[in-house]
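Structure first, then comments.
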Amino acid sequence: MIAYLPLMLRAAGTTLWLSWLAMLIGAFGGTLLALVHMQRIAPFRWLAIAYMEFFRSVPILIVMFFAYYGVPLVLGLDLSPFAAATLALALHASATMSEVVRAGIGSVGHGQWEAAQAAGFTWLQTMRHIIAPQALRVVLPPSIGVFITTLKESSLASIIGYIELTRTGLLVRDSTGGGFAPLLALGVLYFLINYAISQIGAALERRFQTGSRIETVGAMA
Amino acid sequence: MNYTFTLRTIYPYLGELWQAAAVTLWLSSLAIVLSIALGAGIAVLRRSRLRLLRVLGAVYVEIMRNTPLLVILYVVYFAAPAIGIRLSSFVAALLGLTLNSAGYMAEILRAGLIAVAPGQFEAAQSQGMTGWQVFRHVVFPQVFRTIYAPLGNQVIAVILASSLASAVAVEDVASWMQTVGSTSFRFFETFVIAAIVYLVLCQTVNIARLLIGRWLFRQGATR
Amino acid sequence: MSEILALDGVVKRFGARTILDGISMKVSAGEIVCFVGPSGTGKSTLLRCVNGLEPIQGGSISFEGAPVLAQTASIRAVRRRVGMIFQHFNLYPHLTALENVMLAPVVVHGEARAAVEARARGLFDTVRLSHRINAYPAQMSGGEQQRVAIARALCTNPHLLMFDEPTSALDPETVGDVLGVMRDLAREGRTMLVVTHEIRFAAEVGTRMVFMDQGRIVEEGDPRQMVASASTERARQFLGAINH
Ligand SMILES: Nc1ncnc2c1ncn2[C@@H]1O[C@H](COP(=O)(O)OP(=O)(O)OP(=O)(O)O)[C@@H](O)[C@H]1O
Ligand SMILES: [Mg+2]
């Protein structure tokens, strides 16, 4: 078992890379979605809401299978397990992130908009120089929670055959005669990674003195 | 690009879909009820006078919040036989889901308890209420109001998470999708149908909780 | 007059700190005892010991002839006959004003709802809040909330009322409303223990003043006389400072 530890640590790196990439895309997508949601044009808003409600109501496992088996059939475009997993995780993360970003932008008082407008800032300039910097401190701590969720969800990539941490643990289990020590090691590794990240989140929260981690509740995965 | 969507090949499997949906619903309901009970126990533990018990409760919550459900399911499913207990897939999945969800439930309930001001306990006690009366008439209604929304979120989270039970061979909706998809080769259709089933389940809960909430908290009481 | 409360050498400690250091006193029916003294000297703690919210480490307390034993089932019998009004009101936020007042008589005393409601409505007249009967605490001002809290305490027909700085958390303009209600209660001959910094009120309404410092009773006597000229240096200093 000990002999396999380096292998598992490397696999943990793969899991981190996958989750990080998905989170990055999800954060961009979520921000876009939040901006669309905030527009006055109703159909845009409805579209954004439908998107969020859809991903809030369909298990990530289904989304992942869809990305891997469904997308090639429909679009005639083969996705590798890695690409499919990244896509599914990013789609899911973007739905949650759009709410986080929206709450962040909403937390900046209306007076800030008015002050900027009065000073002759365009919408984009206001966003870039006034709103975003203030929203960021509200957005950052819960984003850490979304990242942890994404990291946990990335374990499902093992089901569509991507060899990340969970798959590696199962393979190690097979080649060491089926004990459950590899599974326990798996749990410990995930725990250590996520706990470390959550401590960063808690530190950010203390630093920015923003709300509680309640935001991330319901992020069971 | 010219994929034709057809449900004809799926028809024969729809009977199994109902069964699968029933399994999903039953598994989630049991897990929700059991994890509320276990979560309540842990929330109480975290308010204990004994430091050891408080730490124990906190460690439990951290482990459950930071470990993937899939790994927890595998550990339960494969560990039980190793220590000489034979668990059916369903029981293993139920156990894994419950243990995991309890970590979140404990936090929700704890936040609800914290939100009740200490003065509330004192006022109720000084009116001569018994422990049960304090809980029933003063603490519970206030806790319920604070936890109502997050509890609804958690119910939905458990329904979604129950799809992972298919990984330990429970024949739920997600598992129906995988088997029927690979036998009929109509992957796309099975995904759509499975997605709709989950969508309907979750949105039913979502809308029901909004309506019930509006009715329950209809008076002007803000807090 | 009959004695209803007796404290004998009461000692209260939090860990190694002694908060009440041998408090002895007797209270007869109809007395209005006002407790004054610097912050942190144990006035609140003393009231909380009387209805068993805090257990004591030495001495004894008896209420209407029976010992007050915190953390036993018997304490509830005492609490049913003692009404308490808190600095921060502690109204039940999920109940209306009327429901707040009716809860304990119905649930704890097992009285019929109709009878309780009639009495409760009468009490809202007493505290001059009949128009706010269906409001929730969050919709009321501090002064209104405190008067609801008084009605809540009165509705169980208590033999003793305890007030812990009932006006300290109020806006100045609503203090008078609450003190007015308390004055009415005094006139009715209620037995009251009042912790307060309202020296003028204590002098006017109180039948006895107790000056406490560092867990001890330093001086007690007629309120007017103590305010005019307390016999101990410590009390004179404190009352002088607080009375401008
Ligand atoms: N639960 C507790 N645990 C530890 N110490 C306490 C507790 N409650 C009160 N104390 C301490 O007991 C002392 C007396 O408190 P108490 O509230 O009785 O004072 P007080 O005379 O009512 O003061 P104030 O005028 O500020 O209300 C204070 O020093 C306080 O810090
Ligand atoms: Mg006090």
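The values are calculated or read from the model by the stated rules, or taken from the named source; none is laboratory data. These numbers were taken from a predicted model, which means no experiment stands behind them. Methodologically, a virtual Cβ is constructed for each residue, glycine included, from the backbone with ideal geometry; neighbour enumeration extends over all protein chains shown. To get the accessible areas, we keep the full protein, side chains included, count just its heavy atoms, and leave off ligands, DNA and RNA. Shrake-Rupley method; radii C 1.70, N 1.55, O 1.52, S 1.80 Å.
When the accessible area of region A:5-216 is split by element with a 1.4 Å probe, what percent falls to carbon and sulfur?
Solvent-exposed carbon and sulfur of region A:5-216 make up 68 percent of the total.
So what's the net charge close to A:Tyr4: Lys and Arg +1, Asp and Glu -1, counting the other residues with Cβ under 12 Å from its Cβ?
+1
Over the alpha-carbon set of region B:117-223, work out the extent along each principal axis and list the three values in angstrom, largest first.
Its Cα atoms span 69, 31, 16 Å along the three principal axes.
Among all the aspartates and glutamates, which ones have a C-alpha under 14 Å from A:Lys152's C-alpha, if same-chain residues fewer than 8 places away are not counted?
Partners within reach: A:Glu164, B:Glu62.
Taking chain A as the reference, fit the longest principal axis to its C-alpha atoms, fit the long axis of helix A:5-37 to the helix C-alpha atoms, and give the angle between the two in degrees, 0 to 90, nearest 10.
Between helix and principal axis, roughly 20 degrees.
Packing-wise, with mean Cβ within 10 Å as the measure, how do A:110-123, B:22-35, B:185-198 rank, highest first?
Ranked by mean Cβ neighbours within 10 Å, highest first: B:185-198, B:22-35, A:110-123.
Pop out the Kirkwood hydrodynamic radius of region C:1-101 from its pairwise C-alpha distances, inverse of mean 1/r, in Å to one decimal.
Evaluated on region C:1-101, it is 14.9 Å.
Helix C:113-126: angle to the longest alpha-carbon principal axis of chain C, degrees 0 to 90, nearest 10?
Between helix and principal axis, roughly 60 degrees.
Please state the equivalent ellipsoid semi-axes for region A:10-106: what are the square roots of 5 times the Cα gyration tensor eigenvalues, largest first, in whole Å?
25, 17, 10
So what's region A:58-115 giving for Cα Rg divided by 2.2 N^0.38 Å, two decimals?
Dividing the Cα Rg of region A:58-115 by 2.2 N^0.38 Å gives 1.67.
Local charge sum around A:His92 (other residues, Cβ-Cβ under 10 Å, Lys/Arg +1, Asp/Glu -1)?
0
Please say if region B:14-221 is rounded, prolate or oblate, where rounded means a/c under 1.5 for a ≥ b ≥ c the square roots of the C-alpha gyration tensor eigenvalues, and otherwise the choice is prolate for a/b larger than b/c and oblate otherwise?
Oblate, since a/c reaches 1.5 and b/c is not below a/b.
Arrange the peptides A:26-32, A:88-94 so that the one whose residues have, on average, the most other Cβ atoms within 10 Å appears first.
Sorting A:26-32, A:88-94 by mean packing, highest first, produces A:88-94, A:26-32.
Output the direction-averaged projected area (hull surface divided by four) of the convex hull of the alpha-carbon atoms of the protein assembly as shown, in nm².
39.6
Using only the Cα atoms, what convex hull volume per residue in Å³ does region C:144-194 have?
Hull volume normalised by residue count: 67 Å³.
Please build a GNM for chain C, connecting alpha carbons under 10 Å apart, and tell me which residue among C:Glu233, C:Glu54, C:Glu144 fluctuates the most.
Residue with maximal mean-square fluctuation among C:Glu233, C:Glu54, C:Glu144: C:Glu233.
For the C and B pair, go ahead and give the buried accessible area with a 1.4 Å probe, both sides summed, in Å² to 100.
Interface area, both chains combined: 2100 Å², rounded to the nearest 100.
Using the eigenvalues of the Cα gyration tensor, what equivalent ellipsoid semi-axes result for region C:93-171 when each is taken as the square root of five times the eigenvalue, whole Å, largest first?
20, 15, 11
With no solvent and one equal point scatterer per Cα, compute the Debye intensity ratio I(q)/I(0) for region C:181-236 at 0.18, 0.21, 0.26, 0.31 Å⁻¹ and report its log10, rounded to two decimals.
-0.60, -0.79, -1.10, -1.38
Give me the tail of P(r) for region B:1-121 as a percent: Cα-Cα pairs with distance above 23 Å.
Pairs farther apart than 23 Å: 49 percent.
Report the normalised scattering of chain C as log10 I(q)/I(0) at q = 0.09, 0.16 Å⁻¹, calculated by the Debye formula with identical scatterers on the alpha carbons.
Each listed q maps to, in turn, -0.38, -1.21.
Rounding to the nearest 20 debye, state how big the charge dipole of the protein assembly as shown is about its Cα centre with +1 on each Lys and Arg Cβ and -1 on each Asp and Glu Cβ.
It comes to approximately 220 debye.
What aspartates and glutamates could a cross-link reach from C:Lys12, if we take a straight Cα to Cα line under 19 Å and drop same-chain neighbours fewer than 8 places away?
Here the aspartates and glutamates satisfying the reach criterion relative to C:Lys12 are B:Glu122, C:Asp21, C:Glu54, C:Asp164, C:Asp213.
Let's see if you can work this out: charge +1 on each Lys and Arg Cβ, -1 on each Asp and Glu Cβ, no other charges. What is the dipole magnitude of region A:5-216 about its Cα centre, in debye to the nearest 20?
Roughly 320 debye, rounded to the nearest 20.
In whole Å, what are the Cα extents of region A:5-216 along the three principal axes, biggest one first?
That works out to 71, 45, 24 Å along the principal axes.
Please state the relative contact order of chain A as a whole percent: Cα pairs under 8 Å, 6+ residues apart?
27
Apply the Karplus curve 6.51 cos²θ - 1.76 cosθ + 1.60, θ = phi - 60°, to the phi angles in region A:182-193 and return the couplings in whole Hz, x for Gly and Pro.
x, 5, 5, 4, 4, x, 4, 4, 4, 4, 4, 4
Summing Lys, Arg as +1 and Asp, Glu as -1, what charge do residues with Cβ under 11 Å from the Cβ of C:Thr126 carry, C:Thr126 excluded?
+1
Please report the antiparallel percentage of DSSP beta bridges with both residues in the protein assembly as shown, rounded to the nearest 5.
For the protein assembly as shown, the DSSP antiparallel bridge percentage is about 55.
For region C:103-225, max minus min Cα coordinate along each principal axis, in Å, sorted largest first?
Result for region C:103-225: principal-axis Cα extents of 47, 31, 27 Å.
For peptide A:50-60, compute the average count of partner chain beta-carbon atoms within 10 Å of each residue's beta-carbon.
Rounded to a whole number, the mean comes out at 5.
Which is farthest toward the positive dipole end of the protein assembly as shown among A:Tyr190, B:Ala194, B:Ala149, measuring Cα position about the Cα centre, with Cβ charges +1 (Lys, Arg) and -1 (Asp, Glu)?
A:Tyr190
In the Gaussian network model of chain C, springs joining C-alpha atoms below 10 Å, which of C:Met140, C:Met162, C:Met182 carries the largest mean-square fluctuation?
C:Met140
Please find, in a Gaussian network model of chain B (springs between Cα atoms separated by less than 10 Å), the residue of B:Ser89, B:Ser162, B:Ser182 whose mean-square fluctuation is greatest.
Of B:Ser89, B:Ser162, B:Ser182, the most mobile in the Gaussian network model is B:Ser182.
Rounded to the nearest 0.05, what FRET efficiency do B:Glu62 and C:Glu3 give with R0 = 51 Å and r taken as the Cβ-Cβ distance? Could you check?
The computed FRET efficiency comes out at 0.35.
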